[in-house]
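Visitor: Got a structure for you, written out below as structure tokens; questions coming shortly.
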Amino acid sequence: MARFQGVDYYDIDSLLSEEERMIRDTVRQWVDDELLPVIEDAYIGRYLPKQLIPRMAELGVFGANLPEEYGCAGLNNVAYGLIMQELERGDSGIRSFASVQGALCMYPIYAFGSEEQKQAYLPRMAAGEVIGCFGLTEPDYGSNPGGMITRAVKTEDGWVLNGAKMWITNGSTADIAIIWAKTGELSDTKSIRGFIVPTDTPGFSAKDQKGKLSLLASDTSELVLQDVHVPDDALLPKSGGLKSPLMCLTQARFGIAWGAVGAAMACYDEALSYSKQRVMFGGPIGGKQIQQVRLAEMLTGITNGQLLSWRLGRLKDEGTMRPEQVSLAKRHNVSMACDVAREARRLLGGNGILVEYSAMRHMANLESVYTYEGTHDVHGLILGQDVTGIAAY
Amino acid sequence: MRVKSIVCVKRVPDTEARVRIAADGQSIETAGVKFVLNPYDEFAVEAALKHKEAAGAGDVTVLSVGGGESAETLRTALAMGADAAVLLKSAGPLEGLAVARVIAEEVKGREYDLLLFGMKAIDDDLQAVGPMVAELLGIPAATAVTEFSVEGGKATATREIEGGSEVVELKLPCAITLTKGAYEPRYASLKGIMAAKKKPLEEKPAAGGESGVKVEKLSYPAERSAGRIVGEGPDAVPELLRLLRNEAKVL
């Protein structure tokens with residue numbers, strides 16, 4: 001199979017440093033060599049290809065933008081974004097795995113954990129020895145996480161957690177869960193705190209979510225916590241209020257904004273190559289006006305998305321990035337990627353419904369990405385509130 | 001025991017890159033072309049790293065002759081795990097013997113057990129620089145090696161030869177050129193890429209690179225002629241066989 005050469009219509013490569021390009025190319029090659037050869041089977045067989053976890057850890061993709069003192073790669077955010085882009089060029093489910101491990105589990109331990117918690121977990125999580133999942137969303141509280149009804153009640157020597165969490169990526173694979181729960185009244189969103197809960201704690205159970213038609217190479221579960229006792233040091237001491245989990249989501253959404261561009265690049269690359277080879281009515285379909293306009297739209301969307309993520313990454317590295325700017329990029333890039341994947345699938349004709357082509361797999365995956373980590377619509381409302389000063393929710 | 005290696009590497013166009021001949025007709029157009037560490041040299045870097053790791057001590061120095069942009073190629077090898085790099089800067093492209101003289105001039109003042117090369121560079125396919133350097137230095141050489149061991153002041157190398165393999169023994173220090181075999185190149189880890197920035201990369205002018213060979217002209221391979229349809233279905237088989245036997249002479 002030919003190696004992926006990237007899509008770079010605006011010479012965005014020249015906006016990247018040598019290290020950033022080298023990191024991107026390393027992950028790109030790994031995706032070609034090790035992820036793509038196994039993804040079809042995993043997708044059709046509906047399993048997370050776990051053999052990739054130690055290999056991703058060796059490369060250093062987990063929590064790659066966290067400091068070296070905790071066993072992480074210490075990369076800047078543009079390099080981190082490029083890793084997410086390349087992983088999702090392979091599959092959104094694999095990128096989701098890495099996002100959850102890094103941005104939703106390692107990040108809160110890094111940001112809200114004690115020094116002991118950081119030392120105990122971060123190096124082992126970077127090494128892929130401890131897998132995490134992130135429990136915020138509940139069956140009845142998705143877009144409105146502040147309404148959660150999971151509670152943590154203080155006891156003499158720790159806490160007792162009760163509640164249920166839904167749509168939890170890595171839920172059945174994880175060794176630990178970062179559980180968000182109210183420590184006060186249900187009306188008090190300020191009482192939301194984060195807890196590190198080992199998944200083998202009595203009363204904790206995870207059940208695979210059945211019947212998914214998207215992210216099939218990823219593990220999605222429902223978590224139930226029934227009188228789960230954890231010691232005092234399970235609490236993330238610096239977590240406080242709904243703002244804490246939302247800060248984690250900003251990290252993850254940043255990676256999604258990049259990742260979606262990767263999925264779109266994969267679909268465009270496949271469509272372009274197919275359009276030059278597939279002959280119909282005596283010539284390649286790439287010579288037909290309708291397919292040329294399709295390809296032009298895809299390329300325009302991808303170039304837009306690349307520039308947005310690049311700029312967002314530089315803002316994050318400069319320390320001036322605002323969460324609303326992440327909303328704009330997540331919203332635009334995922335929606336763009338959904339469009340590109342669907343148009344690529346259509347360009348591929350009948351072949352486009354087969355798993356040996358990637359477009360329909362990406363198309364189905366991206367519907368989840370469109371919906372998770374703040375739906376497309378909710379990000380629209382965040383932006384609406386930001387520009388008008390009036391909250392619509 | 002410790003193994004000290006010097007690995008000579010070259011920056012070459014990516015195997016997937018479409019290379020065009022430049023306006024001078026003697027070189028290739030470099031604009032817009034992605035360059036990589038020569039894949040055969042990756043085997044050599046990997047072999048050096050493996051032998052250093054197996055010995056538990058030693059060091060791996062990577063060396064390249066070329067323009068300033070070859071520093072990036074050296075950093076790729078540093079990211080894989082090499083300890084130090086040397087770039088011998090030449091003003092323009094040098095021909096094989098000239099490159100060999102530059103390398104020999106640099107290496108003769110250094111201490112090493114193994115002088116490793118890729119069997120060939122994928123751009124000019126010369127396959128001669130390694131053995132030429134060995135000749136200039138007066139050290140033994142083995143080419144097209146798939147695997148080797150180092151013990152007791154000598155290297156034992158398995159060479160790929162027609163229809164089988166050959167095992168040769170070389171006194172250290174020696175030169176070895178690597179082909180695909182036991183040394184599957186590792187990925188540079190992301191930490192390795194970051195660490196590469198902090199490793200020493202010495203740049204100095206290439207010295208002593210004279211040669212009597214000059215590239216006169218580059219040209220593309222002849223275009224393949226269009227295929228021919230001899231007929232359809234079983235009826236076409238006798239004619240196809242006749243053509244394969246008499247015209248193409250492949251049967």
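Visitor: Would you mind finding the one in A:227, A:219, A:200, A:208 that is surrounded by 22 or more Cβ atoms within 10 Å (Cβ to Cβ), in the same structural domain as residue A:152 (by TED's automatic domain parsing) and among the acidic types (Asp, Glu)?
Guide: A:219
Visitor: Could you grab me the full set of residues in segment A:1-41 that are hydrophobic (A, V, I, L, M, F, W, C) and either more than 13 Å from every other protein chain (Cβ to nearest Cβ) or over 21 Å from the mean Cα position of the chain (by Cα) (or both)?
Guide: Residues satisfying the conditions are A:1, A:2, A:4, A:7, A:12, A:15, A:16, A:22, A:36, A:38, A:39.
Visitor: Out of the residues in segment A:42-82 that are more than 13 Å from chain B (Cβ to nearest Cβ) and of a type in the set (S, T, N, Q), state the one that is nearest to residue A:117 (Cα to Cα).
Guide: This residue is A:77.
Visitor: Another question, if that's okay. So the check is Cβ under 6 Å with 6+ separation or different chains; which pairs have a first residue in segment A:207-225 that's farther than 30 Å from residue A:152 by Cα and a second one that's of a type outside the set (A, V, I, L, M) and crowded, with 23+ Cβ neighbours inside 10 Å?
Guide: Pairs that qualify, where the first residue is farther than 30 Å from residue A:152 by Cα and the partner is of a type outside the set (A, V, I, L, M) and crowded, with 23+ Cβ neighbours inside 10 Å, are A:214/A:365; A:215/A:93; A:215/A:365; A:217/A:91; A:217/A:93.
Visitor: Also: Taking segment B:15-55 as the region of interest, how many residues are at pLDDT 90 or above and within 14 Å of chain A (Cβ to nearest Cβ)?
Guide: 5
Visitor: Hey, can you tell me all the residues within segment B:26-48 that are in contact with a Lys or Arg (Cβ under 7 Å, 6 or more places away or on another chain), surrounded by fewer than 24 Cβ atoms within 10 Å (Cβ to Cβ) and not aromatic (Phe, Trp, Tyr)?
Guide: The answer is B:26, B:28, B:29, B:46.
Visitor: Is it the case that some residue within segment A:35-53 is within 30 Å of residue A:352 (Cα to Cα), of a type in the set (A, V, I, L, M, F, W, C) and without any contact (Cβ under 8 Å) to a residue 40 or more places away in the chain?
Guide: Yes, segment A:35-53 has at least one match.
Visitor: Let me ask another. Looking at the structure I just gave you, is residue B:61 surrounded by 15 or more Cβ atoms within 10 Å (Cβ to Cβ), closer than 25 Å to residue B:204 by Cα and within 14 Å of chain A (Cβ to nearest Cβ)?
Guide: The answer is no for residue B:61.
Visitor: Does segment B:176-192 include one or more residues that are farther than 21 Å from residue B:97 by Cα, more than 14 Å from chain A (Cβ to nearest Cβ), touching a Leu at 6+ places or on another chain (Cβ under 8 Å) and surrounded by fewer than 21 Cβ atoms within 10 Å (Cβ to Cβ)?
Guide: So far as segment B:176-192 goes, no, none of its residues is farther than 21 Å from residue B:97 by Cα, more than 14 Å from chain A (Cβ to nearest Cβ), touching a Leu at 6+ places or on another chain (Cβ under 8 Å) and surrounded by fewer than 21 Cβ atoms within 10 Å (Cβ to Cβ).
Visitor: Next question. When residues of segment B:164-197 are filtered for being polar (S, T, N, Q) and assigned to a strand (DSSP E or B), how many remain?
Guide: Result for segment B:164-197: 2.
The values are calculated or read from the model by the stated rules, or taken from the named source; none is laboratory data. If you're wondering where the values come from, they're calculated on a predicted model, not measured in any experiment. A quick note on method: Cβ atoms are made from the backbone with ideal geometry, for glycine too, and the neighbour counts reach across all protein chains shown.
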